[in-house]
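As structure tokens, the structure follows; a few thoughts come after it.
Each value in this text was obtained by applying a stated rule to the coordinates, not by laboratory testing. For clarity, every value in this text was computed on a predicted model and none was experimentally measured. A quick note on method: Cβ atoms are made from the backbone with ideal geometry, for glycine too, and the neighbour counts reach across all protein chains shown.
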Amino acid sequence: MGVNEFRADINKALANENLRGALGRFGDAYVGDRERAYRNRDFNALREEVSGIKKYAAEHMEELAGRFTEEAARRGARVYRAATAAQARDYILKLALERGVKTVVKSKSMASEEIHLNKHLEDAGLDVTETDLGEWIIQLSGQKPSHMVMPAIHMTRGEVAGVFSRETEENIPADIPYMVNVAREKLREKFLASDMGISGANIAVAETGTLVMVTNEGNGRLTTTLPPLHVVIVGLEKLVARLSDIAPILEALPRSATAQQITSYVTMLTGPARAMDAQGKVVEKEMHIVVLDNGRTEMQRDPVFRNAMQCIRCASCLNVCPVFQLVGGHVFGSVYTGGIGSILTAFLDGMAESKDIQGLCLGCNRCKEVCPGKVDLPGLTTELRNRLVQKDGLPLSQRIILEKVLPNRKLFHGMLKAAAKAQKPFTGDDGTMRHLPFFLAGISGGKKLPAIAATSLRDLLKDTIKSSGGERRRPVVGVFPGCLVDFVYPKIGLDMVKVLDRMGYDVIFPQGQTCCGYPARQLGAPTVMAKVARQNIDAFWAGKPDFILTPCPTCTYALKKIYPELLLNDEQYASRAGELANITQDFSAFIFDRAEEFQSVAAPQKGKITYHDSCHLKRSLGIFREPRELIKMTGAELVEMDWADRCCGFGGSYAVKYPELSQQILEQKINNINKTGADVVAVECPGCLMQIWRGLSAGGGAGRPSVRHMAEILADSI
């Protein structure tokens, strides 16, 4: 798909209010429903069980496939190993033709969607009917599923009524119970006349050759019992070792997929069932199991992407994804949609097919937080991006900035300082600008942005803060401000120093530090991030601070988590990266850990403050209670907003690459802020500050809340 076509699909989806409304309402309801479904079950303990089961199965996949084949065959099933989608399709069609099959009923199967089975059978003259209600609606409307669990979630009841009216040639009202009865009546005829039933499976047990199917409609059992010929398509990733492995997955799957304690039907099939022919004679059903590879072995052999085989196809990653809720699965995926869809598409259809959709990931980490299989989707997406860049290279402009400018600290900072001077004709009296100079042009997208500071933080602190030289009388804190605080919001850095000084700490600002490098990683250039990581390690190593504090969660995450992984095999820097990580901390978390020291110098404040959670702070660093408690310590009233931990849509370069998506997510955040009636929005991330400030500024008018960094709020208290 071309870039223009992909962008057109995004804009078409954003213009579809029914789509956004349906997905948004479901996403909002899902979060609370899921919490209630897990209320009496320890999710983290359960996901450890599930991920352990799936990890073992992935590591022993071929062994389990052999055992499953043997056990299923011993119980009367015929097992076929299909290496490709074409082999699977051809086997099923050949079987149908040999048995004289004319009509086929299908229960829900994403594997059959993956191999495009329906078209293959229909082209050969077979009558194929989807019997899952959502899948039948999709089939009749000529679409593809937009969600792995709820394929027609993007359609309104009115649209479904129109589809049913065309199918029945009657005027079907948009009444859900009525439409369900229509579907039941029409599909029951298909079940009774079918020659072949095709189903998928959620679990395949190697120990016994058992297939487990989880459904909410009776169509699954009708499909697997009424026709004399039953075909099951099951991917290799559905294998587990033991029958006892079923229970944890059955606990997690419905809770994570549809927020149910358990689904309506759990069907276990071990060998073919008995059936009755037209003469009333009991006969053995014929059962064929197609074990599908189609790229799964390649994924299993990959030490990084093997993690994706721990997916249980619950689609919880779709349910919480802010981008999926805006554009749906017809944009965000191929057959498998959402974050997991971009990974599966890369291996099942080829890396090139995943190039556009992987870029839709905002990196908010919500998917990782809710995944019962502990699939690290953000990490896998980053690795996929790296491999795509290795294969195709970076665009010229990005390559110049990342490879020539960013690693060259003096050049990079010199260009920013030059931009600070060049921006003056574009800067208004309010300190904002609509157009950025030089290589930054285009970022604003016509929106107001804060101007680059006339004097950077590094220059403001160069001659005023205490160095670590000589005898140490107080603990020394090294400040790592990140680019936005250094060059756009230096006051945040100054307020950090003010708080730390009053609490009894000396502060150093190593002048050799530069960008943390995270943007390079997100754009698929980890080697560039490694270069700047070494520069930053050298800069702080020379000052030997007792602590390193940052006012930017992304920078904290980079120094604390990514640097040690990135430099793991670097003999010179691996140990230093580890030591640096151990003394690096988020600024607010550091202050909270020393609450008594802070309170001894703080004075009470008044007013209402609401708090926005930075994605990296909460999900990558596990910090969310500490800043809230600090707000209360200042004396201000903390007013929680709805969905405080939902992304604001900034995402670094995401706001530049997909401004239309970023803007929609921002508007949701601004609405939630305004509903609190707070005077101030407190944030920890300077990127979130810029994004939310822009959204609040667009509203205009007096009385709107201001947005402030926690360092500023704490500094006001002393």
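Using square roots of five times the C-alpha gyration tensor eigenvalues, list the equivalent-ellipsoid semi-axes of the range 3-296 in whole Å, biggest first.
Taking √(5λ) for each eigenvalue gives 30, 27, 19 Å, largest first.
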Practice task
Just need the Rg to Rh number for the chain, please, alpha carbons only, Kirkwood Rh.
Solution key: 1.02
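Size of the dipole of the range 3-296 about the Cα centre, Lys and Arg at +1 and Asp and Glu at -1 on the beta carbon, nothing else charged, in debye to 20?
Details: 38 positive and 41 negative charges, 74 e Å.
Charge dipole, the range 3-296, about its Cα centre: 360 debye, nearest 20.
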Completion exercise
Partner lysines whose C-alpha sits under 22 Å from that of Lys544, ignoring same-chain residues fewer than 8 away, are Lys462, Lys466, Lys498, Lys531, Lys560, Lys561
Fill in the blank from the handout: In Å, the Kirkwood hydrodynamic radius from C-alpha pairs for the range 155-306 sits at 18.0
Handout entry: Bridge type composition, the chain - antiparallel percent by DSSP, nearest 5
Key = 25
Completion exercise
hull vol. (C-alpha, convex hull) per residue for the range 295-404, Å³ -> 108
Practice task
Run the dipole for the range 88-227 about the Cα centre, Lys and Arg Cβ at +1, Asp and Glu Cβ at -1, nothing else charged, and hand back the magnitude in debye, nearest 20.
Solution key: 160
Exercise for the section: Only bridges with both residues in the range 141-267 count here: give the DSSP antiparallel percent, nearest 5. Expected result: 50
Problem - Whole-Å semi-axes of the range 487-636's equivalent ellipsoid (Cα gyration tensor) - result: 29, 17, 13
Problem - Long pairs among Lys119/Lys374; Lys12/Lys186; Lys190/Lys281; Lys12/Lys119, criterion Cα-Cα beyond 30 Å - result: Lys119/Lys374; Lys12/Lys186
Fill in the blank from the handout: Here the Cα Rg-to-2.2 N^0.38 Å ratio for the range 453-715 is 1.00
Fill in the blank from the handout: Calc'd 3J(HN,Hα), the range 258-272, phi into Karplus 6.51 cos²θ - 1.76 cosθ + 1.60 (θ = phi - 60°), Hz, glycine/Pro = x, comes to 10, 6, 9, 5, 7, 7, 5, 10, 10, 10, 10, 10, 10, x, x
Handout entry: For the chain, with +1 on Lys and Arg beta carbons and -1 on Asp and Glu, the positive-most of Ile713, Leu236, Leu689 along the dipole
Key = Ile713
Exercise for the section: In whole angstrom, note down how far apart the Cα centers of the range 268-334 and the range 166-198 are. Expected result: 25
Exercise for the section: Go through Ile591, Ala525, Pro545 and say which Cα lies farthest out towards the positive end of the charge dipole of the range 453-715; charges sit on Cβ, +1 for Lys and Arg, -1 for Asp and Glu. Expected result: Ala525
Completion exercise
the range 18-59, convex hull of Cα, quarter of hull surface, nm² -> 4.2
Fill in the blank from the handout: Listing Lys561, Lys462 by rising number of other beta-carbon atoms within 10 angstrom, fewest first, gives Lys462, Lys561
Handout entry: Size of electric dipole in the range 61-146: Cβ of Lys, Arg +1 and of Asp, Glu -1, about Cα centre, debye, nearest 20
Key = 260
Handout entry: Rounded to 5, the percent of DSSP beta bridges in the range 3-296 classed as antiparallel
Key = 30
Exercise for the section: Label the range 350-429 by shape, choosing from rounded, prolate and oblate, from the square roots a ≥ b ≥ c of the eigenvalues of the Cα gyration tensor; if a/c is under 1.5 it is rounded, and otherwise prolate applies when a/b is larger than b/c, oblate when it is not. Expected result: prolate
Fill in the blank from the handout: Between Arg75 and Lys632, the two model label points (7 Å from Cα along the beta-carbon direction) sit apart by a distance in nm of 5.4
Practice task
Could you tell me which of Ala72, His147, Ser107 has its Cα farthest along the dipole of the range 1-154 towards the positive end, charges placed at Cβ (Lys, Arg +1; Asp, Glu -1), taken about the Cα centre?
Solution key: Ala72
Practice task
Based on other C-beta atoms within 10 Å, arrange Thr129, Thr676 from fewest to most.
Solution key: Thr676, Thr129
Problem - Order of Lys632, Lys106 - criterion: other Cβ atoms within 10 Å of each residue's Cβ, fewest first - result: Lys632, Lys106
Practice task
From the C-alpha gyration tensor of the range 590-702, pull out the three semi-axes of the equivalent ellipsoid (sqrt of 5λ each), sorted largest to smallest, in whole Å.
Solution key: 26, 17, 11
Fill in the blank from the handout: Helix-only [θ] at 222 nm, the chain, -39500 (n - 2.57) per DSSP H run of 4+, per residue, nearest 500, equals -14000 deg cm²/dmol
Exercise for the section: Sequence neighbours fewer than 8 away in the same chain don't count; with that in mind, list the aspartates and glutamates whose C-alpha is under 15 Å from Lys618. Expected result: Glu369, Asp586, Glu626, Glu629, Asp645, Glu684
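Which order do peptides 416-422, 662-668, 211-217 fall in by mean Cβ count within 10 Å, highest first?
211-217, 662-668, 416-422
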